[in-house]
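Bear in mind these aren't lab numbers, they're just calculated from the coordinates by the rules spelled out. Since the model is a prediction, treat every value here as computed from it, not as a measurement. For neighbour counting, all protein chains shown are included, and Cβ atoms are generated from backbone atoms with ideal geometry for every residue, glycine included.
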Amino acid sequence: MQKRALAVHDISCVGRCSLTIALPVLSAAGVNTAVIPTALLSTHTGEFTGYTHLDLSDQLKPITDHLSTLGQHYDAFYSGYLASGAQVEQILYMLDRLADDKTHIFVDPAFADHGKRYSLIDEDMPAQMRRLISRADTIVPNVTEAAFLLDEAWQGENLTLKTVEEHARRLIALGPENVVITDVTLPDRPGETGVCVLCSGMEKPEFIFGRRYEGLFHGTGDVFASFMLAALMKDKAPLEAAKLALDFTHEAIALTLEGCEPLRYGLQFERVLPRLLSLS
Ligand code: PXL
């Protein structure tokens, strides 16, 4: 039977991120994907200025209440960028009404990168997001978000394997079954970047590394997360899904660098979708 997902992120009109990635990627995986937009922006907030921003918080409860009358089962609930920490309360409300015990709750915290919260994100977000990840099956924070979620300082270029392992263990203790920490770059592995995967039942976290590409690639976390959820919806185990997602994301970065579009417009993930279409 065709799987169904509900993707809850912002819509940024231009500059691939959030729903403009989640929707095509999940669709290419054959997943029927419904959306609830958390905010409407003209562009994402990295490397663009003058963007518009409409917080859609007042729409979330009425949309949830209406959708809950339809009685549909969602195989995945996928949350990403939220307009504010306060919106977490409404996401928890959505989970109570639209998810059931067979729904895979996949949370991309999507609020910070490179040691800093995104421009519009309030200070309350990490504490609120901690409530949401405790309800999740899978979380995919980057190294910055992992540190914020644990109330730890960002280690930047001094990050060690041991710290990432410890963060993964402390995050899994908060409730999720699978923790994937992305954007792991270590001083003793120059030229490489990767992810740390810890699933319940694994004795220790596993690291997967690939080539590091120099540059600021906007929306990379969203591309990785969407490919990982797509692979999970194709019944791949979490570790295999993370490996596939990393591979697809690295290919999208390489193809983007071959093109001549400015990097702020995001990764040319569309060029990798044929591979996802043929993934059995
Ligand atoms: O890619 C994460 C993201 C999503 N949505 C908006 C953003 C960002 C990162 O900057 O600004 C609006």
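R0 = 22 Å: FRET efficiency of HIS114 with THR160, Cβ-based, nearest 0.05? Provide the component values of the computation, followed by the final result.
Numbers: r = 18 Å, r/R0 = 0.81.
With R0 = 22 Å, the Cβ-Cβ based efficiency is 0.80.
Apply the Karplus parameterisation 6.51 cos²θ - 1.76 cosθ + 1.60, with θ equal to phi minus 60°, to every residue of region 245-259 and state each ³J(HN,Hα) to the nearest whole Hz, in sequence, with x for glycine and proline.
4, 5, 4, 5, 5, 5, 5, 4, 5, 4, 5, 5, 5, 6, x
What net charge do the residues around GLU203 carry, taking every other residue with its C-beta under 13 Å from that of GLU203, with Lys and Arg at +1 and Asp and Glu at -1?
On the way: positive: ARG169, LYS204; negative: GLU165, GLU206.
So the environment of GLU203 carries a net charge of 0.
Under a 5 Å amide H to amide H cut-off, with H placed in plane at 1.01 Å, what residues pair with VAL8 once short-range neighbours are removed?
Distant-sequence amide H within range of VAL8: ILE36, TYR78, SER79, GLY80.
Which value in deg cm²/dmol, rounded to the nearest 500, describes the helix-derived mean residue ellipticity at 222 nm for the chain, given -39,500 (n - 2.57) per DSSP H run of n ≥ 4 and division by the residue count? Please list the in-between numbers first.
Values: 9 runs with 103 residues, N = 280.
Helix-only estimate at 222 nm: -11500 deg cm²/dmol.
Quick one: Debye curve from the C-alpha atoms of the chain, no solvent, what's log10 I(q)/I(0) at q = 0.09, 0.11, 0.13 Å⁻¹?
Here log10 of I(q) over I(0) equals -0.37, -0.57, -0.82.
Between GLY115 and residues 5 or more places away or on another chain, which pairs have amide H atoms under 5 Å apart, with H built 1.01 Å from N, and which residues are they?
Here THR144 satisfy the definition.
Anything over 31 Å Cα to Cα? Flag those among LYS116/LYS236; LYS116/LYS234; LYS102/LYS204, in the order listed.
On the way: LYS116/LYS236 33 Å; LYS116/LYS234 34 Å; LYS102/LYS204 27 Å.
Long pairs (Cα-Cα over 31 Å): LYS116/LYS236; LYS116/LYS234.
Go ahead and collect, in residue order, the members of region 77-113 whose backbone nitrogen is under 17 Å from a label point 7 Å along the Cα-Cβ direction of THR69.
97-98
Got a sec to turn the phi values of region 3-18 into Karplus ³J(HN,Hα) couplings, 6.51 cos²θ - 1.76 cosθ + 1.60 with θ = phi - 60°, whole Hz, x for Gly and Pro?
Per residue, the Karplus-derived 3J(HN,Hα) values read 7, 10, 10, 10, 9, 10, 8, 6, 9, 9, 4, 10, x, 3, 6, 6 Hz.
Relative contact order, percent, of the chain when contacts are C-alpha pairs under 8 Å separated by at least 6 residues? Write down the numbers at each step before the final one.
Details: 560 pairs, mean separation 47.2, N = 280.
Relative contact order, the chain: 17 percent.
Among GLY259, ILE172, THR182, whose Cα projects farthest towards the positive end of the dipole of the chain, with charges put on the beta-carbon of Lys, Arg (+1) and Asp, Glu (-1)?
Highest projection toward the positive end goes to GLY259.
In the chain, what % of DSSP beta bridges are antiparallel (nearest 5)? Present the calculation step by step, with values, prior to reporting the outcome.
Working: 16 of 38 bridges.
Restricted to the chain, the bridges split so that about 40 percent are antiparallel.
Which Cα, out of THR64, LEU159, LEU40, lies furthest along the positive dipole direction of the chain (beta carbon charges, K/R +1, D/E -1)?
THR64
Please list, ordered by chain and number, the residues whose modelled amide H lies under 5 Å from the amide H of LYS3; skip anything fewer than 5 residues away on the same chain.
ASN32
About its Cα centre, what dipole magnitude does the chain give when the only charges are +1 on Lys and Arg Cβ and -1 on Asp and Glu Cβ, stated in debye to the nearest 20? Could you put the intermediate results ahead of the total?
Working: 24 positive and 37 negative charges, 102 e Å.
Dipole size: approximately 500 debye.
Apply the Karplus curve 6.51 cos²θ - 1.76 cosθ + 1.60, θ = phi - 60°, to the phi angles in region 134-140 and return the couplings in whole Hz, x for Gly and Pro.
Result, ordered by residue: 5, 9, 7, 8, 10, 10, 10 Hz.
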